[in-house]
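Take a look at the structure below.
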Amino acid sequence: MPRITAPKMAVFFCQLDGCAYQPPAGDQTCLGYLWPLLSTRPGATPSSSRPTLSSTACLRAQSQAWTARSKDAHHDVPSTRRCQSTIADTSAIPSPPPKKAARSAKLAALHARLALSDKIPVQTLARTLVDPSADPAPLFNNSNLAFLGQTFISYYTSEMLMCRYPRLPMEIMHAAMKSYAGDKTLFSVARSWGVESAAAPGAEVDPGLMQFSLDVDRTGNTKWGFVRSEYQHKFKYRHSISSRVVMDDDFGEMLPRKVQYDEPGVGDFKDNKNPDKIAKSHNIYGDFVRAVVGAIYTHSGREAARSFIKAHILSRHLDLEKLFTFKVPLRELARLCAREEFEKPVARLLSETGRQSRTPVFVVGIFSGNDKLGEGIAASLDHARKKACMNALKAWYLYSPGEDVRVPSDMMADGAKHWEPVYVDIGEVITSGV
């Protein structure tokens, strides 16, 4: 029987050599990272250097020590001491160990339901179901994979919208991206996959269940952006479009995002008294979907991640016309015609019926010279003229060269055709004083 080195001694040797943990290529949940380090020590043999699976608790405690050190350097706890205390008490592990993933029927069913490649191990899929609120250790939760997946989802969504609708205003672009890749949308995607949540996180939970806690603060960040100073001091400054693009997240919202009590969809749940927890649960399920995309990219590559995003996210139907709101459509249409050197828009009554009745109907058209830009139907002449202007603006902004337009990511494929530049519009109409 070969002699096995104790886990705490293995970690001690690793720290004595000054070696830091680096995720191995492929599965980042693998626990064999100490093997190449200890095998290079003088006098070490393969039989005496390989660590056992019981070092999971030690690795988890060391990861938590790194997280605590980044938060408060004055309250640092030596990782060796944390490892020794954690090995003695394995019940303190906040999430299931990776070795339980291979025996989970729920996890195997989810892997098959999503038609994932065999390159993606169930241990990585189990890691995507662990939220930082359940396990703060970054080596065992889905924060890193969710950040990676959010990057790819935002990239493919933005390039699709910009190439397919090159005249979209920036506010509509942010709203469309949120409709495709927002927390509520990804929450519905995750629920459509049949993912269930555990009553409470713990080591005894089935790895195939979503593990999170609404009462614990989450560590880590899965979105890119800056925290504005006016948000920290509760000031109310005007947020321009350029500042939203540079400072805020992919949806043009400040970090951390405020939850509006009158936000559409908040009242659709039973727990109406806690909208903060409702938004937090949406974000947790959204991070799970993002983590799945990050895991697919890590193990299967870019093309597999792109196909998965197209199949589950970009394939959803979105009516962009409902996202538009105009305060002064008459002025904005006049500015647009002046910028494009069109003739001044003129409203003309095309037809009417029941003028003297209780329900009149007027059909008004907006013309620029002999070209009809839009048409509106309403119960009053003024309202019909405004609707005609709004329809004309929507027809301009929703111009599309077609759904099969090429995007920049198509050039990454092998044997791609020569790139032909897509149409780029000069920009939206800026109406002063609005």
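Before moving on, here are some points about what is shown:
- In terms of packing, defined here as the mean over residues of other Cβ atoms within 10 angstrom, the peptides 404-415, 289-300, 358-369, 118-129 line up highest first as 289-300, 118-129, 358-369, 404-415.
- Taking 7 Å steps out from each Cα toward its Cβ at Val405 and Asp276 produces label points 4.3 nm apart.
- Neighbour net charge for Gly194 - beta-carbon separation under 15 angstrom, K R +1, D E -1: +1
- Kirkwood hydrodynamic radius of segment 327-399, Cα pairs, Å: 12.4 Å
- The GluC sites (Glu not before Pro) of segment 307-371 that DSSP puts in a loop, and whose beta carbon has at most 12 other beta carbons within 10 Å, are Glu340, Glu341, Glu343.
- Principal axis dimensions, segment 366-434 - Cα atoms, whole angstrom, descending: 58, 27, 23
- Distance between the modelled labels on Val424 and Arg103, one decimal in nanometres: 5.8 nm (7 Å Cα→Cβ projection).
Values quoted throughout were computed directly from the atomic coordinates according to the rules given, and no laboratory measurement underlies them. Computed from a predicted model, the values in this text were never measured in an experiment. Every residue, glycine as well, gets a Cβ built from its backbone with ideal geometry; the counts of neighbours run over all protein chains shown.
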